[in-house]
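Worksheet: one structure, shown below.
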């Protein structure tokens, strides 16, 4: 069957199935199992109301359980077994093997760098852009343009930046803007992506470029939410614009900054496409997610690959716990 | 609003300039790619994209003289023009690759056997010889010329419909579309029902479920790859579109439920209570009142999910496989970067084909995207 036809069919079956499921299950509940009439009307209504939420929730819970919750457990189990021994339990052997690999430590080191630099730079640039664009007439256009990379895939962005970093031997016209600029300044053309450790920062630049718009949008909304009086009071007291920004505005949006920071942190931990497309982890640019992909789908070493995935999970979990605590606090 | 009267104008200028700089920095890389996709391979490798708008001086590839000979005053003559375009101006030329800029325009140069050749500024050449050129190998001309800015759509034709250069980008475009649309549509309804239950129905364990959704929101999908691949193989789905759609649905659900619940909780309580009093069932309230009112949130999620599935590489690689006819655009691009890393005309054009749809969606639906982002992270 042609894939496009299959797609249309899947949409029809998927949506029709959902609608059918919800409608029929509710009908079944109301008309057959616990009809709101007869001698037990009160009890029937109560029971129907007890069951109904679960009818609404069942498909979602099923999908979430199968596609996200179960794999966490399964991956943990895989990380304790060896595929070559028919899935025998090997304890922590995979972890030990992973800890002995230089590439793993390289990935950890780079990931730590990414975790510091990317959220900090994106939030910083985002805050700057939000504050500056707020005060000028063409601010909305500027915002749109800074926000735009958000729509571009990591791979597309990698191609875009690879052109920026492109290298031509000395004597030839440079076609990468970075080298052109460098040569114009009087330097010799460089193969930027092979120069450790700076190549890591060049890869990070791609993600910063994508994420700044996100930070700008969220922080911009928070800045606009600051009560006017606090700013006016500061002006009356003779504060200069920098003091107003850093001492009055930033403290008031601290919680939003934290949210932006953690959201970008999550993106960073999963970043894989950029490294795969630009260097594939060569020249000491490996990161955890790409290391894991290497192990799982190139070396087919599911044990070590799963162990690497668990490391990513471990790094994510503080944010997970913090988010859950926050969400619970808000609901009270 | 801020700043003191005296400082205001300089500060305003500083703001304008900084924003302009920031925007330029953010826009330049993309513009570079876009401009490059309209240039020929030769232009791309001869000069940076930023000089594409001005006339360019550069050495053209060697041109072999060709044409019909005719007799003129006892000499055999071939004449014609070296260039395709009338606006190209010659500044120097030569007949050997060692000295490509040996002669000025209009100089007459003697070659072997009494042949002479001259090339004018306009590219008009005249090759003469005392005997016929029949069976002779005609000379090559190396020209240094200034060419006007020139853009071409040929790259797009090659990439989308051609069979060799960047083969399969057109197919990959269709594949990506096939992955993205069902993967966007299917989670919406499932999530909407669940979000309604979590927002407006009372039942034990509700708070726990909401916490679980928030927790699953950040679980890296990397963990799900192998177990789900095993599962798909076990139940006979294997690698294919169905697997990708299911995976994207599962991975998209936490965000969908979270966004929609946050939105639905904020709907006016009166409407829903009144409907309840009037005897409407939850099913009716949901389909007749809550779902239509939630349109902005549904739109926000749909955009997120579409951008995400369109731009995704990992899920497609793992669940769709790496067969050539099944590659999505992102996977195709990664392949091209490996195999045709130096051929920027193909790479730039393919990349632009892959980002044009998200860009259209982005600019058309920006309002909903921003709204969704705010609902998702600011409280």
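None of the figures in this text is laboratory data; all of them are computed from the coordinates on show. From a predicted model like this one, the values you see are computed outputs, not experimental measurements. Counting neighbours? That spans all protein chains shown, and the Cβs are built from the backbone with ideal geometry, glycine included.
At what distance in angstrom do the alpha carbon centres of segment A:203-223 and segment B:329-358 lie from each other?
If we compute the Cα centre of each part, the gap is 25 Å.
Grab the beta carbon distance between residue B:64 and residue B:41, set R0 = 22 Å, and tell me the FRET efficiency rounded to 0.05.
Step by step, r from the Cβ atoms, then E = 0.65.
Could you state the number of Å between the C-alpha centres of segment B:207-241 and segment A:116-183?
Between the Cα centre of segment A:116-183 and that of segment B:207-241, the gap is 34 Å.
Quickly work out the residue B:202-to-residue B:323 label distance, labels modelled 7 Å from Cα along the C-beta direction, and quote it in nm with one decimal.
Simple spin-label model gives 5.4 nm for this pair.
Based only on the alpha carbon positions, what is the Kirkwood hydrodynamic radius of segment A:3-78, in angstrom?
On the way: mean 1/r = 0.0662 Å⁻¹.
Computed over segment A:3-78, the radius equals 15.1 Å.
Rg to Rh for the protein assembly as shown: what is it, with Cα atoms only and Rh by Kirkwood?
1.07
What's the center-to-center distance, using Cα atoms, between segment B:250-317 and segment A:281-332 in Å?
Segment B:250-317 and segment A:281-332 have Cα centres separated by 29 Å.
Just the ratio, please: alpha-carbon radius of gyration of segment A:263-322 over 2.2 N^0.38 Å, N its number of residues.
1.15
Take residue A:233 and residue A:252, extend 7 Å from each Cα along the Cα→Cβ direction, and tell me the distance between the two endpoints in nm.
Rounded to a tenth, the inter-label distance reads 1.0 nm.
Over the Cα atoms of segment B:56-147, how large are the radius of gyration and the largest Cα-Cα distance (Dmax), in Å?
Looking at segment B:56-147, its Cα Rg and Dmax stand at 12.7, 40 Å.
Suppose only helical runs count, i.e. DSSP H with n ≥ 4. What mean residue ellipticity at 222 nm does that imply for the protein assembly as shown under -39500 (n - 2.57) per run, divided by all residues and rounded to the nearest 500 deg cm²/dmol? Mind dumping the intermediate values first?
Numbers: 27 runs with 423 residues, N = 711.
Mean residue ellipticity at 222 nm (helix-derived): -19500 deg cm²/dmol.
Can you give the angle from 0 to 90° between the axis of helix A:198-224 and the longest principal axis of chain A, with both taken from C-alpha atoms, to the nearest 10?
Its long axis makes an angle of about 60 degrees.
On alpha carbon coordinates alone, what is the Rg over Rh value for segment B:158-377, Rh being the Kirkwood radius?
1.06
Classify segment B:5-53 as rounded, prolate or oblate, taking a ≥ b ≥ c as the square roots of the eigenvalues of its Cα gyration tensor: rounded when a/c is under 1.5, otherwise prolate if a/b is larger than b/c and oblate if not.
Working: a/c = 6.22, a/b = 3.96, b/c = 1.57.
It is prolate, given that a/c is not under 1.5 and a/b is the larger ratio.
Restricting to Cα atoms and excluding each atom paired with itself, what does the Kirkwood estimate give for chain A in Å?
24.7 Å
How fast does chain B diffuse by Stokes-Einstein, in µm²/s, taking the Kirkwood radius from C-alpha pairs at 20 °C and 1.002 mPa s?
Here the translational diffusion coefficient equals 80 µm²/s.
Less than 18 Å from a label point 7 Å out along the Cα-to-Cβ axis of residue A:195: which backbone N atoms in segment A:148-165 qualify, by residue?
A:161-165
At 7 Å along the Cα-to-beta-carbon direction for both residue B:363 and residue A:45, put a label point, then send me their distance in nm to one decimal.
Those two pseudo-labels are separated by 5.7 nm.
Using a 10 Å cut-off around each Cβ of peptide B:321-333, what is the average number of partner chain Cβ atoms that fall inside?
That works out to 2 on average.
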